[in-house]
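These notes are about the structure you will find just below.
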Amino acid sequence: MRAAESFISAYGRVPTVRWTAPGRVNLIGEHTDYNDGFVLPFALPHDIVAAAAKVPNPVWTVVSEGVDERVTFTVDDLEPGKVEGWAAYVAGVVWALREAGHEIGGADLALASDVPVGSGLSSSAALECSVMGALCELYGVALDEETGPKLAQRAENAYVGAPTGILDQSASIRCREGHALFLDCRTGEAEHVPFDLAAHGLSVLIIDTRAPHRHVDGEYAARRADCEKAAEALGLRALRDLTLDGLDGALARLDGDVARRRVRHVVTENQRVLHTVGLLRAGIEPHRLGELLTESHASMRDDYEITVGEVDLAASAAVEAGAYGARMTGGGFGGCVIALCETARSAEIAAAVHKAFVDAGYTPPATFPAVASAGSRVLG
Ligand code: GLA
């Protein structure tokens, strides 16, 4: 009810709609989405709630719990670059919806968030998707499961200016409780794969390293450009079209070690997603699943070069303390590590990681369990 309360205190009336959208963990499949590849996220119980009500004119006002600022924008501001900071995500969603021809009028909005910001748990997508859901509910717009994520992604790419893929918005909108979302980012086809770790005495522990993101935007865009260049050099539409069988031959045709390592990450990571899905469909085999997570981490560290000291330490310390496997999740350069643990041992593993951080002189991480939760929906 926090979003509703802040709505009442900001606008002196009650909201007519509340819409929630979650953050996510990506179990495996990192930096594969913009290569038309495969991802396997699940939604978290941590969410952003947008409370909203219509206003008669095309004017949007937004407040956010804990932020001492009220942002108002009009139709004249619905051009990329006009609204900046956190409110750009809100303006971007209004812009993307209206650009796509949806009749979205003015609104007052209040936001309340439980998703840690800057941790790679996708707080931006949760923000976009909660606002999008609230506005569509207010104005009677129904978006299908593929269009919603695409419009939210467009808000982020074209309005906010971050060249991200479709992973986060798809996870926030399409995930289901107790399931991971196996998504083919080229076709938009999805399978909800049962992911009931508790039934196997297992948990995914999130280790938020709180490592500050370094040069994130530039590095992300640079990785994306490396992949596009390599695909072009290989005459492929996207790196998705390269499979493990053709990998060695393709690597021999590429110039430079960096290009080869980027390509190897994407191709092997797609393969690891397919393996993981196979394992989940067959019932969870924690040793093999853990190995895949750890292999993914090594590939991100050595080939894709998107990890930092804190995440490498979190992943290795978790495995040394008895986790089946661990990997960084999300865009990289800081953020969170996920570790597959026996639930009975997860407190001990968290304590060992904590100690390793203290010993290394790093700020201790926050740790909490990841429970596969529901996607974006109306709360009333
Ligand atoms: C960020 C982006 C996603 C995806 C991941 C890496 O979260 O928003 O589109 O590329 O990084 O897998």
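The values are calculated or read from the model by the stated rules, or taken from the named source; none is laboratory data. Treat the numbers as computed from the prediction; the structure is a model and nothing was measured. In this analysis, Cβ positions are derived from the backbone assuming ideal geometry, glycine residues included, and neighbour counts consider all displayed protein chains.
Worth pointing out:
Per-residue answers, yes or no, for (1) of a type in the set (Phe, Trp, Tyr); (2) touching a helix residue (DSSP H, G or I) at 6+ places or on another chain (Cβ under 8 Å); (3) farther than 24 Å from Ala225 by Cβ; (4) in a helix (DSSP H, G or I):
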| site | (1), (2), (3), (4) |
| --- | --- |
| Leu111 | no, yes, yes, no |
| Ser124 | no, yes, no, yes |
| Val131 | no, yes, yes, yes |
| Leu135 | no, yes, yes, yes |
| Pro149 | no, yes, no, yes |
| Ala152 | no, yes, no, yes |
| Ala155 | no, yes, no, yes |
| Ala158 | no, yes, no, yes |
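- Here Leu244, Leu239 are screened, and the one residue that is crowded, with 17+ Cβ neighbours inside 10 Å and among the aliphatic types (A, V, I, L, M) is Leu239.
- Search result, residues across the stretch 267-295 that are touching a helix residue (DSSP H, G or I) at 6+ places or on another chain (Cβ under 9 Å), among the small types (Gly, Ala, Ser) and modelled with pLDDT of 95 or more: Gly290
- Residue match in the stretch 242-252 (condition: out of contact with any Phe, Trp or Tyr (no Cβ under 8 Å at 6 or more places or on another chain) and either closer than 18 Å to Leu340 by Cα or not assigned by TED's automatic domain parsing to the domain that holds Pro365 (or both)): no
- Residue list for the stretch 19-69, filter: away from the ligand (no atom under 16 Å from the Cβ), assigned to a loop (DSSP other than H, G, I, E, B) and out of contact with any strand residue (DSSP E or B) (no Cβ under 9 Å at 6 or more places or on another chain): Pro56
- Residue identified as in a helix (DSSP H, G or I), touching a Leu at 6+ places or on another chain (Cβ under 9 Å) and surrounded by 18 or more Cβ atoms within 10 Å (Cβ to Cβ) among Arg262, Arg301, Arg288: Arg262
- For the condition more than 19 Å from His265 (Cβ to Cβ), aliphatic (A, V, I, L, M) and either buried (at least 24 other Cβ atoms within 10 Å of the Cβ) or assigned by TED's automatic domain parsing to the domain that holds Asp33 (or both), Ala323 qualifies.
- Condition met for Thr307 (in contact with a Leu (Cβ under 8 Å, 6 or more places away or on another chain) and within 16 Å of the ligand (Cβ to nearest atom)): no
- Condition met for Tyr139 (out of contact with any strand residue (DSSP E or B) (no Cβ under 7 Å at 6 or more places or on another chain), assigned by TED's automatic domain parsing to the domain that holds Ala326 and among the hydroxyl-bearing types (Ser, Thr, Tyr)): no
Here's the yes/no breakdown for (1) within 26 Å of His179 (Cβ to Cβ); (2) without any contact (Cβ under 8 Å) to a residue 12 or more places away in the chain:
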| residue | (1), (2) |
| --- | --- |
| Lys82 | no, yes |
| Gly105 | no, no |
| Asp114 | yes, no |
| Leu121 | yes, no |
| Met132 | yes, no |
| Cys136 | yes, no |
